[in-house]
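So the structure is just underneath, and the comments pick up after that.
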Amino acid sequence: MPTPFESAQLILTLYEQRREETMRKARDFWVTFDPQTADEFMAAMMSPQGAYVRQVVGYWEMACSLVENGAIDRKMFQDATSEYLVVYAKIETLLPALREKFNSPTMGAQLQKVALSLPDARTQIDAVAARIKGMIAARKAVATAV
């Protein structure tokens, strides 16, 4: 079990990595990315923004792996960030089909474990999903008004 200081150091390192320029662009793309099917997700993976999709999902899968393997205290991680929930909420319903398409039964497994281990996980995930839908709708409204 990591000490609180060790967990804090890793969480701050993860935060610093999120500030890297390409990762910022990938995270910004992710906010507007709205796949409704596994095929839409796959199409995005093959698009010019495919690296952004892979970077964001891979980053949060890695971060959650650190939690699942005990390098970062789960509660401290969940208290410090909820961005992984944005990623999970967007792919949760797609995961079974994506796992099949990629022939990867563990795709997103660490992300899923950490998200579902939250107290009142379903309520929190659903609230994040609703917020995301609202943000996407607001961005579309602004784009059409301009």
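Some observations on this one:
- If you go through segment 92-112 and keep only what is surrounded by 15 or more Cβ atoms within 10 Å (Cβ to Cβ) and closer than 21 Å to Asn69 by Cβ, you end up with Leu95, Arg99, Met107, Gly108, Ala109, Gln110, Leu111, Gln112.
- If you filter segment 35-52 down to residues that are buried (at least 16 other Cβ atoms within 10 Å of the Cβ) and not aliphatic (A, V, I, L, M), you find that the one that is farthest from Arg131 (Cα to Cα) is Gln49.
- Total residues in segment 55-89, condition under 8 Å from the mean Cα position of the chain (by Cα) and under 19 Å from Ile132 (Cα atoms): 10
- Which listed residue is of a type in the set (A, V, I, L, M, F, W, C) and in contact with an Asp or Glu (Cβ under 6 Å, 6 or more places away or on another chain), from Leu98, Leu111, Leu94: Leu111
- Of the residues making up segment 1-42, just one is touching a Pro at 6+ places or on another chain (Cβ under 8 Å) and of a type in the set (A, V, I, L, M), namely Leu10.
- Among residues of segment 75-90 that are closer than 22 Å to Pro35 by Cβ, those with a Cβ under 8 angstrom from a residue that is surrounded by fewer than 19 Cβ atoms within 10 Å (Cβ to Cβ) and among the small types (Gly, Ala, Ser), sequence gap 6+ or separate chain, pair up as Ala89/Ala129; Lys90/Ala129.
Residues checked against (1) buried (at least 16 other Cβ atoms within 10 Å of the Cβ); (2) of a type in the set (A, V, I, L, M, F, W, C); (3) assigned to a helix (DSSP H, G or I):
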position: Ile72; (1), (2), (3): yes, yes, no
position: Leu85; (1), (2), (3): yes, yes, yes
position: Lys90; (1), (2), (3): yes, no, yes
position: Val114; (1), (2), (3): yes, yes, yes
position: Thr123; (1), (2), (3): no, no, yes
position: Ala127; (1), (2), (3): no, yes, yes
position: Lys133; (1), (2), (3): no, no, yes
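- The number of residues in segment 70-103 that are touching a helix residue (DSSP H, G or I) at 6+ places or on another chain (Cβ under 8 Å), modelled with pLDDT of 95 or more and of a type in the set (Gly, Ala, Ser) comes to 4.
- Pairs with Cβ under 8 Å, 6+ apart, first in segment 1-27 and outside any helix (DSSP H, G or I), second surrounded by 12 or more Cβ atoms within 10 Å (Cβ to Cβ): Met1/Asp73; Pro2/Leu10; Pro2/Ala71; Pro2/Ile72; Pro2/Asp73
The values are calculated or read from the model by the stated rules, or taken from the named source; none is laboratory data. Because the structure is a prediction, the values reported are computed rather than measured. Note that each Cβ is placed from the backbone with ideal geometry, even for glycine, and that neighbours are counted across all protein chains shown.
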